[in-house]
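The structure appears right after this line, and notes come after that.
Bear in mind these aren't lab numbers, they're just calculated from the coordinates by the rules spelled out. Values in this document were obtained by computation on a predicted structure and should not be read as measured data. Heads up, the Cβs are rebuilt from the backbone with ideal geometry, glycines too, and the neighbour counts pull from every protein chain shown.
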Amino acid sequence: MRKRLGLWTGLLALASAAPALSHPHVFAEARLEIIANDDGTVKELRNVWRFDDVFSSSVLMDFDTNSDLKLDHGELTAIANTIRDSLADYGYFTFISKDGAASPVSKPEVFNVDFKENQLLVFFVAKPAQPLKIGGKMSFGVHDPTLYTAIDFAKDEDILVEGKGFAHCKHTVVRPDADEVLAQNQSTLTEAFFNDPAGTDMAKLFATRMEVTC
């Protein structure tokens, strides 16, 4: 258990991490594929995250139980299970909304990790917890509500929609300007807001997202 504390607190900002954390300590580049069913519903969101070298090295040290400086299948499985279990309280960092209403995702059935070129890779598929019809104004994104982990899409092409269900929709990648967000929300972005024990999700204001209008 001691060896897993680094991952639990560093990546996921769980109970032991203060909710007031307001800047990232862990960094990851992401890819998100939003897949539609032919019947016009959202099928799944395919996530790929590549973590920074420093954090990846700490994971290697924490989970390399046989001290051979590499991660075997069993060690990778332990990492995958730890992350999946820990992300449950945070919606797996995967967020969907339709006409302003949040649509939660189910626990991923497919969840894998790998370690390549000294970087931790996370792969998983998230599906809407309830059937979700494509229509209206929809938003899809990936972010850490605690702001401890910065998840970035290096290129607009790294977040995309696929499938006939999106054929008659317009979609665009939105990259909020941090200065504009702060200016527009300065009345609510107070110290009390940062320390809200309810865990107010201000990260969504700054997160890159795919907006779909049908």
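The table that follows gives values for the structure above.
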item	result
Residues 170, 164, sorted so that the one with the fewest Cβ neighbours within 10 Å comes first	170, 164
Sequence of 57, 103 once ranked by neighbouring C-beta atoms within 10 Å, starting from the fewest	57, 103
Label-point gap, in nm, between residue 173 and residue 106 - each point 7 angstrom along Cα→Cβ	2.9
Efficiency of FRET from Cβ geometry, residue 99 and residue 48, R₀ 41 Å, rounded to 0.05	0.90
At most 14 other Cβ within 10 Å, DSSP loop - trypsin sites (Lys or Arg not before Pro), region 33-76	70
Residue 69-residue 133 pseudo-label distance in nm [points 7 Å out on the Cα-to-Cβ vector]	5.9
